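The structure under discussion appears below in the form of structure tokens.
Read-outs: derived from the displayed coordinates by stated rules, not from any lab. Bear in mind the structure is a predicted one, so any value in this text is a computation, not a measurement. Quick reminder, even Gly has a Cβ in these numbers, built from the backbone with ideal geometry, and neighbours come from all protein chains shown.
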There are 2 protein chains.
Amino acid sequence: MSDVAGSDDHRAVVAANEAFYGAFEAGDMDAMRSVWTHTDRAVCTHPGSPMLRGWTAVERSWQLLLGAPLRPTFILTDVEVDVVGDAAFVTLVENMVVPNGSGVGTAINWFVRDDDRWLMVGHVGAPITREVIG
Amino acid sequence: MSDVAGSDDHRAVVAANEAFYGAFEAGDMDAMRSVWTHTDRAVCTHPGSPMLRGWTAVERSWQLLLGAPLRPTFILTDVEVDVVGDAAFVTLVENMVVPNGSGVGTAINWFVRDDDRWLMVGHVGAPITREVIG
């Protein structure tokens with residue numbers, strides 16, 4: 001890794017990533033808006049779904065998901081943060097618990113520094129449907 | 001986007017991304033090795049599969065996939081490149097054609113500049129299993 005786990009950048013990216021999942025769990029659309037870049041470069045792929053480009057489409061998808069009656073609780077495992085200058089990649093495993101079941105998937109969240117804030121530019125959630133490669 | 005479509009960096013990242021799919025289509029393990037960083041920071045999630053960390057695990061997965069008798073041909077659409085200093089994100093739609101069928105998924109490929117080369121640090125392929133979000 002090019003960053004140091006104890007560095008300010010590393011901590012700030014971890015905090016931005018946690019703010020994303022916190023907003024999701026709380027169904028807090030204002031908090032979700034404050035996590036993301038509000039630009040055309042925003043990219044979001046929800047598990048199993050087509051890719052959404054641009055903040056207008058991404059925001060609409062979060063309004064739909066955060067308005068659902070059953071939101072997941074996340075237990076994040078295997079979290080790795082890779083900071084490269086003004087860009088950062090966070091990869092992790094999302095262990096999701098919902099009242100009617102549970103699931104596991106992987107995610108890549110990427111962030112870009114904007115002045116002194118790290119804004120989410122992309123999120124891809126990928127479902128795990130098998131234990132082996134191929 | 002923070003980069004300019006006609007810039008040298010943009011072109012170099014597009015070339016690195018095309019080299020990745022070219023190696024996959026050709027089943028050329030040497031070419032695949034030359035695309036990737038050979039470090040612990042390498043991350044790869046094949047569609048539907050768990051996340052692999054580190055070049056040793058990632059390399060093994062490609063040896064398995066490139067050695068398969070039926071490899072896909074890719075038609076890449078909706079390709080966007082976002083260069084942020086020494087990091088670059090490529091998002092796209094993978095339209096895969098194989099002799100016994102076809103499929104569509106999204107991918108995020110990320111690259112980091114190493115001296116004057118752009119090396120792949122991560123690849124996540126996410127299957128599209130439905131047309132709508134939720």
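In nm, give the distance between the simple-model label positions of B:Val98 and A:Arg33, each being 7 Å from the Cα along the Cα-to-Cβ direction.
Label-label distance for B:Val98 and A:Arg33, simple model: 4.4 nm.
Put a point 7 Å out from Cα along the line to Cβ at A:Val104; what are the distances to that point in the other copies, in nm, shortest first?
Between copies, matching label points for A:Val104 lie 3.1 nm apart.
Could you give, in nm with one decimal, how far B:Ala5 is from each other copy of that position, shortest first, with labels 7 Å out from Cα toward Cβ?
In nanometres, ordered from closest: 4.3.
Among B:Val84, A:Val97, which comes first, then next, by fewest other beta-carbon atoms within 10 Å? Before the final figure, lay out each step's value.
Details: B:Val84 22, A:Val97 11.
Fewest-to-most Cβ neighbours within 10 Å comes out as A:Val97, B:Val84.
Which residues among the stretch A:46-62 fall inside the zone where the amide N is under 15 Å from a point 7 Å beyond the Cα of B:Glu131, along Cα→Cβ?
A:49-51
Which whole-number percent gives the relative contact order of the stretch B:35-134, counting Cα pairs below 8 Å spaced six or more residues apart?
That works out to 26 percent.
Excluding A:Leu76 itself, calculate the net charge of residues whose Cβ lies under 10 Å from the Cβ of A:Leu76, where each Lys or Arg counts +1 and each Asp or Glu counts -1.
-3
What whole-number distance in Å separates the alpha-carbon centres of the stretch B:38-98 and the stretch A:22-44?
After rounding, the separation between the Cα centres reads 26 Å.
Please arrange B:Met32, A:Met29 by counting, for each residue, the other beta carbons lying within 10 Å of its beta carbon, fewest first.
On the way: B:Met32 22, A:Met29 15.
Listing B:Met32, A:Met29 from fewest to most nearby Cβ atoms yields A:Met29, B:Met32.
Counting Lys and Arg as +1 and Asp and Glu as -1, what is the net charge of the other residues whose Cβ lies under 11 Å from the Cβ of B:Phe111?
Cβ neighbours under 11 Å give a net charge of -2.
Inter-copy label distances at B:Asp86, 7 Å along the Cα→beta-carbon direction, one decimal in nm, shortest first?
Its label point is 1.6 nm from the equivalent points in the other copies.
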